[in-house]
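Working notes for the structure below.
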Amino acid sequence: MRAAVYHGNNSVEIEDVPEPATTPGHVKIRVHLNGICGTDLHEYFDGPIFISPSEPHPLTGKAMPVVLGHEFSGTVVEVGAGVTDIAEGDRVVIEPIYRCGKCRPCRTGAYNLCTSIGFHGLMADGGMAEYTVVPVDQIHKLPDTVSLELGALVEPMAVAWHAAQHAGVNDQSSALIYGGGPIGIGLWYALRGMGLTEVDVVEPSPVRRAALERLGGRTIDPIAVDVPAFIADRSKGDGVDAAFDAAGVVPAIESALASLGERRPLISVAIYDRPLPTPLIQLVLRERRIQGTICYTAEDFKAVIDLMAAEHYDTTGWVETIPLSGLIKQGFDELRESKRMKLLVDPTA
Ligand SMILES: [Zn+2]
Ligand SMILES: [Zn+2]
């Protein structure tokens, strides 16, 4: 079968590899679509970061080379011994987290913080291939009304949903989202799904603002508008109830902290590859806080799938499909240059 194999920095090849065998407790999936994630770009341009060059991962036993892809949907083609609740023909999405089940976070239900966490598509052969094999406890069935295209977006939307749950907001709250990429859009959908109506997305790119506005979103251009002053004016000095950093840059964090009300959180859902100078005095003077969030658990997947079944998500104008053969040029290169927003890869093309 064809697969996108990671061999190291700037080295991903579309090559023929053996089809994976279905093992006990596992399910074999014919991949329909697999999303390209910022993590994949980091591994390709700046990595290896999460992918181990030689040391086998403790939970998967896998090191480089590895098939990429952790955001995908597909159809079950075979189930291994001992699998009872998933059957051939089921339409599914996979939750890529491998967890040990023994460490404190695992024992308390927070396996997204497992101390030996692994990811399908980074520490095990992933979904940028015609077939992949996944442990049964990492599989979610899709309702008939949710398309496989939407299914391929459950994982990034679950990242955003999980982050939104940390903000302590309700349908009367206001929120600011910094960054209008796929996670920013996911945050907007998550907050709207929680009943919030006062949500603005702060995004300098006119292309991204236009995409959000077509979906019904409200946006602010931080180049043209002094965001903290604008928010102070609109809220009569109260500030917003939560801010989200899905941009990961200094101006966004400074602006977010200055726009928050007292005792309100900045929720961080960006990957910071270097230390940032942060005005922590903005925390002290108003008893604000910064809360990090990472990944999701099964609960977040279920919440997003339910919202998808309720037709909450619209992919118009920000999601496109490309063939596996175009992964580097149409995929990685164009995403790196911010020419595209969210790309799904068809492994059969
Ligand atoms: Zn991802
Ligand atoms: Zn664990």
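The values are calculated or read from the model by the stated rules, or taken from the named source; none is laboratory data. Owing to the predicted nature of the structure, the values given are computational and were not obtained by experimental measurement. Cβ placement follows ideal geometry from the backbone for every residue including glycine, while neighbour counts extend to all protein chains displayed. With ligands, DNA and RNA removed, areas are computed over all heavy atoms of the protein, side chains included. Shrake-Rupley method; radii C 1.70, N 1.55, O 1.52, S 1.80 Å.
In a reduced charge model with +1 at each Lys and Arg Cβ and -1 at each Asp and Glu Cβ, the range 237-348 shows a dipole moment near 380 debye about its Cα centre. Of all DSSP beta bridges confined to the chain, the antiparallel ones make up roughly 55%. Protection proxy ranking for 69-78, 277-286, 138-147, using the average of other Cβ atoms within 10 Å per residue and placing the highest first: 69-78, 138-147, 277-286. The residues of the range 18-122 expose, per residue, 44 Å² of accessible area to a 1.4 Å probe. Summary of the geometry: the range 111-143 and the range 199-225, compared by the centres of their Cα atoms, lie 33 Å apart. Computed packing ranks the peptides 79-86, 340-347, 324-331 as 340-347, 324-331, 79-86, most packed first, by mean other Cβ atoms within 10 Å.
Summary of packing: across the peptides 255-267, 120-132, 99-111, the per-residue average of other C-beta atoms within 10 Å ranks them, highest first, as 120-132, 255-267, 99-111. Take every pair of alpha-carbon atoms less than 8 Å apart whose residues are at least six positions apart; their mean separation over the length of the chain yields a relative contact order of 17 percent. Considering only alpha-carbon pairs that sit under 8 angstrom and 6 or more positions apart, the relative contact order computed for the range 153-234 is 26 percent. Taking a ≥ b ≥ c as the square roots of the eigenvalues of the Cα gyration tensor, the range 273-343 is classed as oblate, since a/c reaches at least 1.5 and a/b does not exceed b/c.
In this Cβ point-charge picture (+1 for Lys and Arg, -1 for Asp and Glu), the chain has a dipole of about 800 debye about its Cα centre.
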